[in-house]
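The values are calculated or read from the model by the stated rules, or taken from the named source; none is laboratory data. If you're wondering where the values come from, they're calculated on a predicted model, not measured in any experiment. A quick note on method: Cβ atoms are made from the backbone with ideal geometry, for glycine too, and the neighbour counts reach across all protein chains shown. These accessible areas exclude ligands, DNA and RNA; they are computed on the full protein's heavy atoms, side chains included. Shrake-Rupley method; radii C 1.70, N 1.55, O 1.52, S 1.80 Å.
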Amino acid sequence: MNTVTCIAARADNAYNGDTFRTMNNTGVRIMGSYEDVSNKLQRFHQEQLLRYYEELDEAAGEGLLQQIRQTDFSILDNMGGEGSVKRGEITPLKAMTLDEIREKEGSYREEGLQAIRRGEVGAVLLAGGMGTRLGSDDPKGMYNIGLTKEVYIFQRIIENLLDVVKESGTWIHLFVMTSDKNHVSTTRFLKEHDYFGYQEDKIHFFMQEMAPATDREGRIYLEEKDRLATSPNGNGGWFVSMDRTGMLDIVKKEGIQWLNCFAVDNVLQRIADPVFVGATIESGAAVGAKVVRKNAPDEKVGVMCLEDGKPSIVEYYELTDEMRDARGEDGERLYNFGVILNYLFRVDGLYRIMSEKMPLHKVEKKIPYINEAGEKISPEAPNGYKYETLILDMIHEMGSCLPYEVVREKEFAPIKNKTGVDSVESARELCKKNGISL
Ligand code: UTP
């Protein structure tokens, strides 16, 4: 597992957006001479990035300069201030339990279906990640989990969404976030498979931004002599990316008021689940978060809580023994509900937090690079960091959240690894238990 550290630096989500927006809206190519680029590099102590410039042909050289001009180096500003961000006071946040949901399931379902039929609910598939742990060169969604036939992860997700389309009689707009590393293959693959039966004009693709990857001292690596090493900038910038890429025009035009954001890797993911939608609307919260009961007190999942009175997620390694064992008056553990990366956000709340700065997390990573002798090195162990903002930090900013319990065996089959915990194997088992033929 990669080590994740939250550093004191805060990423300004708007920065990347503004840079690109300037380019897109005006059509102006950001120009600058070699000297301008060199000055920028000096300012950030990244002169090594032009080490091979003299060896490059004109097109490759210009490509490198252009990439440096467009890259957000501001995240490197606070690298020196590394250290855990001080957490606020952590207290329990009660979840809506399965029993409570069952009692009002009918009315929640009706309320959710009505919102869907009014076109107020959209879905956002976060598929820009690298899926490094799975170890496939293709985007994760293209992974075939079938045994006797082809069953792709994307297919499972779309089939699940189609259940709600059928139940509500309404096509739900599906926004798919990709990144520079997988956009072309993702869009091509889904088109080739006729979007697994989804209506083409209801699927909208958009790309997230990339962030530079560095060594442990904060120096950006060269992935090739003419290319910086970059990584997708995390799943926390999705709404800003939707703005930059014009997706929010669709949201506005269609009157979408709720966006259900979910991870690509959970093949039992229920999307735009009417009961969840209805319960969240009825609760008055700005976000609903699907949660599962932990299978053991020390399970390695982030747990819903309050931090200084606002919803938040406490990571498993931040839980003290006392918190892990704490029980409420009803005998239930107080920190017992883990998030599964399925959140329903109220759109007006997202606009409100859009310009907020988000905490920046740095994650240890194996980064292939060109060394000083000009050789390509593929490290066997982590040799630096990628930088990300995370969707879970948005929950805190939104101010209020309904943790909504779901049955783990029915809704949570994440594929992170090839074998073992949260793997292709474990997901196949869960699919079989749910009657999904593979
Ligand atoms: P993970 O944290 O599991 O990361 O993403 P990952 O990149 O898919 O996998 P590893 O860690 O390299 O093995 C959780 C969800 O967030 C999306 C992923 O695609 C997945 O759906 N994500 C992650 C993005 O959309 N963009 C990112 O930059 C990172």
Any pair with Cβ under 6 angstrom, 6 or more apart, that starts in the stretch 363-376 at a residue that is under 17 Å from Leu76 (Cβ atoms) and ends at one that is hydroxyl-bearing (Ser, Thr, Tyr) and in a loop (DSSP other than H, G, I, E, B): Glu364/Thr3; Ile367/Tyr221; Tyr369/Tyr221
Residue that is farthest from Phe73 (Cα to Cα), among those in the stretch 382-415 that are among the small types (Gly, Ala, Ser) and within 16 Å of the ligand (Cβ to nearest atom): Ala413
Odd one out for Arg109 among (1) of a type outside the set (Val, Ile, Thr); (2) outside any strand (DSSP E or B); (3) within 16 Å of the ligand (Cβ to nearest atom): (3)
Quick check on my filter: what residues within the stretch 284-322 are in contact (Cβ under 8 Å) with a residue 40 or more places away in the chain and assigned to a helix (DSSP H, G or I)? Glu318
Flagged in the stretch 68-91 as open to solvent by less than 50 Å² (accessible area, probe 1.4 Å) and either among the basic types (Lys, Arg) or modelled with pLDDT of 90 or more (or both), in numbering order, are Ile68, Arg69, Gly88, Ile90, Thr91
Give me the strands (runs of 3 or more DSSP E) completely within the stretch 188-246, filtered to those with at least 2 residues that are open to solvent by less than 40 Å² (accessible area, probe 1.4 Å), farther than 20 Å from Val363 by Cβ and touching a residue at least 12 places away in the same chain (Cβ under 8 Å), ordered by residue number. 203-207
If only one of Gly141, Gly129 is within 16 Å of the ligand (Cβ to nearest atom), of a type outside the set (Asp, Glu) and not in a helix (DSSP H, G or I), which one is it? Gly129
Ile271: in contact (Cβ under 8 Å) with a residue 60 or more places away in the chain and assigned to a loop (DSSP other than H, G, I, E, B), yes or no? yes
Would you be able to say whether some residue in the stretch 154-170 is more than 14 Å from the chain's Cα centre (by Cα), modelled with pLDDT under 95, at negative phi and within 16 Å of the ligand (Cβ to nearest atom)? no
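This table checks each residue for (1) more than 13 Å from the ligand (Cβ to nearest atom); (2) hydroxyl-bearing (Ser, Thr, Tyr); (3) under 30 Å from Leu113 (Cα atoms).
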position: Phe175; (1), (2), (3): no, no, yes
position: Arg188; (1), (2), (3): yes, no, no
position: Tyr195; (1), (2), (3): yes, yes, yes
position: Met210; (1), (2), (3): no, no, no
position: Asp226; (1), (2), (3): yes, no, no
position: Val240; (1), (2), (3): no, no, yes
position: Asp243; (1), (2), (3): yes, no, yes
position: Cys261; (1), (2), (3): no, no, yes
Filter result (among the polar types (S, T, N, Q) and either modelled with pLDDT of 95 or more or within 16 Å of the ligand (Cβ to nearest atom) (or both)) within the stretch 337-367: Asn342
